[in-house]
Amino acid sequence: MAAGAPVVGANVCAFTVAGAQERCGETSAAGTARLGLRPGTYSVLVTPRAPTRLAEGRTWADVLDADATSVVQLEPHSRINGSVKDERGAAVVDAEVCAHPPQPLASPTCARTAGEGKFSIDVVSDVYKLDVTGPPGGKLIAQWATGRLSSGSADLIDARSADVDSIGVTMLKGVLLSGLVRGPSGPIEDAQVCTRTLAAPLPWDCVRTNKKGAYLALMEPGRYYMWTVPPDNVRLVAQWYDDVLEGVDTTDIAMDADRQIDVELHPGPQLRGKVTTTDGAPVWGAFVCVDTRFPTGRICRPTAGDGSYSVTTRPQTYTVQVLAPPDSDLINEFWLRKRTWVDANDVSLGNADRTLDLTLRHGMRVSGVIRDTRGVPLEGATINLNDEEGPFVGTDTDISGSYHMVVPPGTYQIEVFAPFRGERGDLLSQAPRDLVVNGYINYDAVLEDANP
C-alpha cells in the first residue's frame with residue numbers, strides 16, 4: 001500500500017477516558033469513518049482489517065460543541081523471526097533479542113525466546129540490527145547478530161517490505177572475570193575495568209564497578225590486556241595489570257576459566273584548568289584528553305558548567321586534546337591549536353599539579369548521511385576532510401549513517417570510505433571531491449556496490 005493511501009474497512013472505535021467503548025464504525029473507500037458521540041474526550045482506536053501488514057493506530061479526540069476531526073496514520077509492520085541456540089545446538093530459552101532501528105536515539109523493540117529458543121519481534125517496517133543477550137546466569141556471551149561484537153559489523157535485517165524469517169543465532173559460553181577495585185579510602189564505585197583481546201584488533205570492552213567496588217565481566221576464553229580507569233570524581237591514577245602505570249610494561253592475562261583479579265589504585269598529580277571559547281565563554285560538556293606520544297592509555301575527562309576540568313594521571317610528558325561538545329560549533333583541537341598528535345606541543349606533568357587553560361575556536365558544521373544504493377544507512381563509514389596541509393579531521397557514521405564535523409571556513413577535499421561488510425559484500429569508497437565550507441554544509445553520499 002502506498003504511503004498516504006486510504007485504509008478501507010478498518011474498524012474505528014471511540015472509548016471514554018474510563019475505558020468504556022462508546023461507538024464503532026468502519027472506514028469507507030475514502031478511508032473515513034463518522035461516529036456520533038456525546039461531548040467529551042475520547043481515545044480512538046483504529047484496527048485494520050486482517051490480513052494486513054498495517055498496525056493498529058491510536059489518537060485522542062476532544063468532542064466539544066462542534067464536530068471533531070482526527071487523522072490516524074497506520075504504519076506498516078513486519079515480523080522478524082528466528083531462533084537462538086548454544087554452541088552444542090541446544091535451544092536457549094529466555095534470551096533477550098532486541099531489534100535496533102537506524103535512529104541513534106530510538107528505543108529498540110525486544111522479545112524473549114520461548115520454547116525451542118524461538119523469537120518473534122513485531123516492528124515498524126524498516127531496517128534493523130539485532131543484539132542478543134543470554135538468560136540470567138547462563139554465562140552466554142552477548143552478541144550482535146550474527147556473531148558480531150559491535151553494531152557496526154552486525155548483519156542488516158531488511159524488514160521494509162516483508163517479514164524476515166529464519167534468523168539463526170548461536171551463542172558461545174564465556175568465562176567470568178571478577179574482582180574488587182579499591183583506593184586508599186576503600187572500594188571505588190563507577191570505576192571502569194576494561195579488557196581487550198589479543199586474538200583480533202577489537203576495541204576495549206569495559207564494565208563498571210558497583211557501590212561495593214565489585215565488577216563482573218563475561219568474555220570469550222583467551223588472552224587479554226586489562227586496564228582499570230577510576231571515575232573522574234576521585235584523585236586516583238589509571239592502572240594496567242599488574243599494578244603498572246604504562247601499557248608497555250603490562251602483561252596479558254589468561255582467561256581459560258573463571259578468574260578473580262582485585263585492583264588497588266593510587267593517588268597522583270592532576271592536570272587542571274578551564275576550557276573557554278575564544279570570546280571567553282566557558283565550554284560545558286567538552287572532554288579534555290591526555291596521552292603520551294607513544295599511546296599508553298588515553299584518559300579523557302569532562303568539563304563542568306564553568307568549563308573547569310581535572311585529569312589525574314602519572315608524572316609524564318603528554319599531548320593534550322580537547323573534544324568539543326557533540327552538538328556545538330566548536331573545533332576539536334590539540335593545545336595551542338595544533339591539528340594532530342604529530343605536531344602537538346608537549347605538556348609535562350611532574351609530581352605537583354599543573355594548571356593548563358585551553359581555548360576552542362568556533363567553526364562551520366559539515367554533516368550528512370551515507371547510504372548504499374538501496375537507501376540503507378551505513379554505520380561505520382569513514383569521512384575525512386583534508387586541506388592543503390593534509391588531513392584535518394575525520395569521523396565515522398553512527399547507526400543512522402549520520403556524521404558531523406566542525407572545521408574553519410575554507411576549501412577542503414572530502415573522502416568517504418566504505419565500512420567493512422564481510423560476507424554482505426564490498427562497497428566502493430568515494431574518490432576525493434572538493435568541498436568549499438563557508439557556512440553550514442550538508443553533504444550526503446551514496447556508495448555503490450563493488451559487484452552489482
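The values are calculated or read from the model by the stated rules, or taken from the named source; none is laboratory data. Everything numeric here is computed off the predicted structure, so don't read it as measured data. Methodologically, a virtual Cβ is constructed for each residue, glycine included, from the backbone with ideal geometry; neighbour enumeration extends over all protein chains shown. To get the accessible areas, we keep the full protein, side chains included, count just its heavy atoms, and leave off ligands, DNA and RNA. Shrake-Rupley method; radii C 1.70, N 1.55, O 1.52, S 1.80 Å.
If you go through the range 341-358 and pick out every residue that is surrounded by 15 or more Cβ atoms within 10 Å (Cβ to Cβ) and either more than 17 Å from V311 (Cβ to Cβ) or free of Cβ contacts under 8 Å to residues at least 12 places away in the same chain (or both), you end up with 0.
Considering only residues in the range 292-310 that are more than 20 Å from T277 (Cβ to Cβ) and free of Cβ contacts under 8 Å to residues at least 60 places away in the same chain, the one that is surrounded by the fewest Cβ atoms within 10 Å (Cβ to Cβ) turns out to be F294. Taken over the range 149-168, the criterion of being assigned to a loop (DSSP other than H, G, I, E, B), open to solvent by 50 Å² or more (accessible area, probe 1.4 Å) and of a type in the set (D, E) is satisfied by D163 alone.
Which of the residues spanning the range 205-223 are open to solvent by less than 90 Å² (accessible area, probe 1.4 Å) and out of contact with any Phe, Trp or Tyr (no Cβ under 7 Å at 6 or more places or on another chain)? C206, N210, G213, A214, Y215, A217, L218, M219, E220, P221, G222 - these are the residues of the range 205-223 that are open to solvent by less than 90 Å² (accessible area, probe 1.4 Å) and out of contact with any Phe, Trp or Tyr (no Cβ under 7 Å at 6 or more places or on another chain). Of the residues screened, C289 is one that is open to solvent by less than 10 Å² (accessible area, probe 1.4 Å) and closer than 26 Å to G213 by Cβ. For the range 4-49, a residue qualifies if it is under 25 Å from I121 (Cα atoms) and more than 37 Å from the chain's Cα centre (by Cα), and the qualifying residues are A10, N11, R49.
Here is the figure for the range 430-446: residues that are within 23 Å of the chain's Cα centre (by Cα) and either among the polar types (S, T, N, Q) or at pLDDT below 95 (or both) total 1.
Residues satisfying the criterion are present in the range 179-189 (criterion: part of a loop (DSSP other than H, G, I, E, B) and buried (at least 18 other Cβ atoms within 10 Å of the Cβ)). Going through (1) at pLDDT below 95; (2) touching a Lys or Arg at 6+ places or on another chain (Cβ under 9 Å); (3) outside any loop (DSSP other than H, G, I, E, B) one by one, W341 falls short only on (3). Criterion applied to E379, E415 was being open to solvent by less than 70 Å² (accessible area, probe 1.4 Å) and part of a loop (DSSP other than H, G, I, E, B), and the one residue passing it is E379.
Of all residues in the range 100-148, exactly one satisfies the criterion of being open to solvent by less than 20 Å² (accessible area, probe 1.4 Å) and at positive phi, namely G117. T313 meets the stated requirement of being among the β-branched types (V, I, T) and within 16 Å of W227 (Cα to Cα).
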